[in-house]
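Only the coordinates and a few stated rules stand behind these numbers; no lab work does. Keep in mind it's a predicted model, so treat the numbers as computed, not measured. Note that each Cβ is placed from the backbone with ideal geometry, even for glycine, and that neighbours are counted across all protein chains shown.
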């Protein structure tokens, strides 16, 4: 089955620790995205990548880092510099590389990160 | 400031009712997405449209670019339609509404 997987579903970390969230897709999509969702707020874009070895900051990139060494994988690291890391994190992918949003985005199931 | 406004924020309907969710936006856009988020958090893209109307099963989405307004309609609603529906206009970036929480009661 094709799709996007995120792991783990729930993640707990102590304050001050870096943590990496996994996102893998086998849809052969070029573009991948990371979003953050907080209660009562819309999704906010953290980072996106339109091609391997290239990525761009979104609206709220501070305190986060990403890599795109493989087409299938786009891991997100939440660093200790992120002031409010507790949130629901969603990964997505799409075919389009001509400008994101021009094609349907497929979302992963999400990872709920809680920093204690 | 909110570039995207959805209404209503919360909606409870009886099974079988016709449902309308509205989305107004203030930015110039090239397309608009409607997303469905289930209670577990997973998101499914329902529609992407840039003009007119699209229909998929019991779901219909319309958009009026000039009036900067889109609507999502659900005909013959069912409890499995219970979810949060998110409007996401695309301008020079994605904007996301805060969602409409729909509960359909049997």
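Would you mind giving the mean number of other chain beta-carbons within 10 Å of the Cβ of each residue in B:37-45, as a whole number?
What the average comes to for B:37-45 is 6.
Tell me whether segment A:3-116 comes out rounded, prolate or oblate; compute the Cα gyration tensor, take square roots of the eigenvalues as a ≥ b ≥ c, and use a/c under 1.5 as the rounded threshold.
Because a/c hits 1.5 or more and a/b exceeds b/c, segment A:3-116 counts as prolate.
From the square roots a ≥ b ≥ c of the eigenvalues of the alpha-carbon gyration tensor of segment B:51-106, which class results: rounded (a/c under 1.5), prolate (a/b over b/c), or oblate?
Because a/c hits 1.5 or more and a/b fails to exceed b/c, segment B:51-106 counts as oblate.
Return the whole-Å distance between the Cα centroid of segment A:1-28 and the Cα centroid of segment A:64-78.
Cα centroid to Cα centroid, the span is 10 Å.
Which order do B:69, A:29 fall in if you start with the one that has the fewest other Cβ atoms within 10 Å?
With the sparsest Cβ surroundings first, the list reads B:69, A:29.
Per-residue Cβ counts within 10 Å, from other chains only, averaged over B:83-96: what number is that?
3
If I model a spin label at residue A:57 and residue B:3 as a point 7 Å from the Cα along the Cα→Cβ vector, what separation in nanometres do I get?
Result: 1.7 nm between the two label points.
Need one value for A:33-45: mean number of C-beta atoms belonging to other chains within 10 Å of its residues' C-beta atoms.
Working: counts 1, 0, 3, 0, 7, 1, 1, 3, 3, 13, 11, 3, 4.
Mean partner-chain Cβ count within 10 Å for A:33-45: 4.
Would you list B:81, A:59 from fewest to most Cβ contacts within 10 Å?
Details: B:81 18, A:59 14.
Ranking B:81, A:59 by Cβ neighbours within 10 Å, fewest first, gives A:59, B:81.
When a/c reaches 1.5 or more, the comparison of a/b and b/c decides; with that in mind, is segment A:3-44 rounded, prolate or oblate per its Cα gyration tensor? Write down the numbers at each step before the final one.
On the way: a/c = 2.33, a/b = 1.38, b/c = 1.69.
Judged from the Cα gyration tensor, segment A:3-44 comes out oblate (a/c at least 1.5, b/c at or above a/b).
Rounded to the nearest 5, what is the percent of antiparallel bridges among the DSSP beta bridges in chain B?
Of those bridges, close to 90 percent are antiparallel.
Neighbour counts of other C-beta atoms within 10 Å: give me B:101, A:49 arranged from fewest to most.
Ranking B:101, A:49 by Cβ neighbours within 10 Å, fewest first, gives B:101, A:49.
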